[in-house]
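Read the structure below first, then the notes.
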């Protein structure tokens, strides 16, 4: 068993919680950065849901506060650093573009600076995003596809992505980017479309709602399970040479198709409940995303193990269980 130490920003989010669970199972000591919140007692609900809240060490800090990051890196002395924290809700990035730039973009550089000066031998993972491709320049997106972000979130992620490359090339850091396409789970926030769908379907099934209101349901996405994707993060940092990798399923479906899977799982028809609301359309839409994970498959043997159908069914079942427990 390993005795490595890992530091995870965004540890209380979907990816952070699953990654912490994975690393704990591999024998790591796991520490996480959490920002001060008025919602004391609920911020770590994902860690509690996975049953690992008492196995990780949490430090108060913030990506936009360099001094707090420096203190944490100095205290933890991590062997691996995973930067998963961000203002990660794409829609909100139009309402909070400056905050998104500071947290998602500059925040990554703050962490890279701490690593460079305090822990240069550590290995660093940057959570890049398929949203950087935006207005797609190729039908299937790979590591060589040109970027064209269509949201403040995508632009901020692209800055962090290129700064990670710059620090790798300028200072010789073991720093890798994972260009992750959409990945979901029962731990996904309800503001994201997949969880909005599965929670809505569960409410309709239980008689708590009659309709599900969505925006552009013809947008296509490449959806995978977060458990598969955090496994790829860890595998990247085990490579001798740092690099950048697309992590995706290689399959794209519409939001409409995803809704059909969810409604069918509970014996309902989406046509009876789905309402299109133009107010929910984005100012600039990303119409299609489809990733090519061939490089990751060839380099370290990563492949998805959980299908979209299984993922959506798991999420619907989890939301049904949550809602029944509150009744």
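No value in this document is a laboratory result; all are computed from the given coordinates. Keep in mind the model is a prediction, meaning the values are calculated, not measured. FYI the Cβ positions are ideal-geometry reconstructions off the backbone, even for glycines, and counts take in every protein chain you see.
Among 3, 67, a tally of other beta-carbon atoms within 10 Å of each Cβ gives an order, fewest to most, of 3, 67. For region 1-115, the fraction of C-alpha pairs farther apart than 20 angstrom is 40 percent. Computed from Cα atoms, the angle from the helix 14-25 axis to the main principal axis of the chain rounds to 60 degrees.
Of all DSSP beta bridges in region 157-281, what percent run antiparallel (nearest 5)? Walk me through the numbers before you get to the answer.
Details: 2 of 11 bridges.
Given both bridge residues lie in region 157-281, the antiparallel proportion sits at roughly 20 percent.
The C-alpha atoms of the chain define a longest principal axis, and helix 308-326 lies at about 80 degrees to it. Per the Debye formula on identical point scatterers at the alpha carbon atoms of region 190-327, with no solvent, log10 I(q)/I(0) at q = 0.17 Å⁻¹ is -0.95.
Once you have a ≥ b ≥ c as the square roots of the Cα gyration tensor eigenvalues for region 260-327, tell me rounded if a/c is under 1.5, and otherwise prolate or oblate according to whether a/b is larger than b/c. Don't jump to the answer; show the numbers that get you there.
Values: a/c = 2.48, a/b = 1.35, b/c = 1.83.
Cα axes put region 260-327 in the oblate bin.
Axis angle, to the nearest 10 degrees, between helix 66-76 and the longest C-alpha principal axis of the chain: 80 degrees.
Give me the tail of P(r) for region 74-176 as a percent: Cα-Cα pairs with distance above 19 Å.
Details: 2332 of 5253 pairs.
Percentage above 19 Å: 44.
Only counting other Cβ atoms within 10 Å, I'd like 133, 59 sorted with the fewest neighbours first. Intermediate values should be presented prior to the final figure.
Working: 133 27, 59 18.
Result, fewest neighbours first: 59, 133.
Taking the DSSP bridge list for the chain and keeping only pairs wholly inside it, about 5 percent are antiparallel.
Sum -39500 (n - 2.57) across every DSSP H segment of at least 4 residues in the chain, then divide by the residue count to get the 222 nm mean residue ellipticity, nearest 500.
-12000 deg cm²/dmol
Eigenvalues of the alpha-carbon gyration tensor of the chain, scaled by 5 and square-rooted, set the equivalent ellipsoid semi-axes at 32, 22, 19 angstrom, largest first.
Orientation-averaged projection of region 201-263 equals 5.9 nm² [convex hull of Cα atoms, one quarter of hull surface area].
Please report, to one decimal in angstroms, the Kirkwood hydrodynamic radius of region 63-111 built from all distinct Cα-Cα pairs. List each step's numbers first, then the result.
Numbers: mean 1/r = 0.0861 Å⁻¹.
Evaluated over region 63-111, this radius sits at 11.6 Å.
Remark: 307, 151 ranked as 307, 151, counting other beta-carbon atoms within 10 Å and listing the fewest first.
Here region 137-242 was treated as a single set of alpha-carbon atoms; its pair distances binned every 10 Å from 0 give 11, 32, 33, 16, 7, 1 percent.
Applying the Kirkwood pairwise sum to the alpha-carbon positions of region 120-171 produces a hydrodynamic radius of 11.9 angstrom. Annotation: extensible slack from residue 54 through residue 239 equals 63.6 nm (criterion: 0.36 nm per residue apart, minus Cα-Cα distance).
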